[in-house]
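J.: Quick one: the structure is below, and I'll ask about it shortly.
Computed from the coordinates by the stated procedures, all read-outs in this text should not be read as laboratory data. The shown structure was predicted, so the numbers you read here are calculated from the model rather than taken from an experiment. Note that we place each Cβ from the backbone using ideal geometry, even for glycine, and neighbour counts take in every protein chain shown.
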Amino acid sequence: MNQQIVDQLAKDILSLIEAEAPSPENIGIRGTELIQEFIRKPGVGDSLAKLDIRKKVRLWGSQGSGMQILLHGADTPKRGSPHDHGQSWALYFQVSGATEMSTYKRISGAPGRPGQAALEKTDQTDLTPGNAMFFGPLVIHSTQHSAPPARWIRVTGTDLDYVERLRFSIERQEAVIEKRYR
Ligand SMILES: [Fe+2]
């Protein structure tokens, strides 16, 4: 991967939110266009395809804080449980294959808090190559990959490994803290 191209992408994304809060308009639309331009650059697609997604692939960002650009993938069928990203925003950009993305509304319990949590599915979208979805803080979502392989880029406002976030059980109608890092 040409680091200069990735650095430029990160700089361009960060400039979108220099003077305004991250939103579906700036990150969601303009950020998506920037990643579309990025993956069309010579050599980028091939470089992404060669990366080993069994390990954490950080394309850009510093461990622990600040915006992160990660590559994720599924080579076998996968189904994730609903979760949020705490106070971080996120942009899921599909590179290849498809991500079946569901979003949910929490209809019981306190937003962002563990405990009783009944969920109601509000949307299901197939993210296909070149398309993306923006999530603001505390948006509950789940991914499924029933037809691997798939690759996607996830940009987050901060390092999610260091953010308190919730994972939900639909069956138990419960939210638990996935990570507490202080
Ligand atoms: Fe997520």
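J.: Where does the stretch 118-172 land on Rg(C-alpha)/(2.2 N^0.38 Å)?
T.: Relative to the 2.2 N^0.38 Å estimate, the stretch 118-172 comes out at 1.30.
J.: What order, most packed first, do the peptides 141-154, 51-64 have when packing is the mean number of other Cβ atoms within 10 Å of each residue?
T.: Numbers: 141-154: 18.6, 51-64: 13.1.
In descending order of packing, they fall as 141-154, 51-64.
J.: Further, regarding this structure: Taking the mean number of other Cβ atoms within 10 Å as a proxy for protection, how do you rank 157-170, 70-83 from highest to lowest? Mind dumping the intermediate values first?
T.: Numbers: 157-170: 18.2, 70-83: 15.6.
Highest-to-lowest ranking by the protection proxy: 157-170, 70-83.
J.: Another question, if that's okay. Take Q8 and R54, extend 7 Å from each Cα along the Cα→Cβ direction, and tell me the distance between the two endpoints in nm.
T.: Once both label points are built, they end up 3.4 nm from each other.
J.: Tell me which lysines have Cα within less than 27 Å of K50's Cα, excluding those fewer than 8 residues away on the same chain?
T.: List returned: K11, K41, K78.
J.: Taking the convex hull of the alpha carbon atoms in the chain, what volume per residue do you get, in Å³?
T.: 116 Å³
J.: Let me ask you something else. Could you work out how far the C-alpha centroid of the stretch 19-68 sits from that of the stretch 109-182, in angstrom?
T.: For the stretch 19-68 versus the stretch 109-182, the Cα centre distance is 18 Å.
J.: At 222 nm, what helix-only mean residue ellipticity would the chain give, in deg cm²/dmol to the nearest 500, using -39500 (n - 2.57) for each DSSP H run of four or more?
T.: Value at 222 nm, helices only: -5000 deg cm²/dmol.
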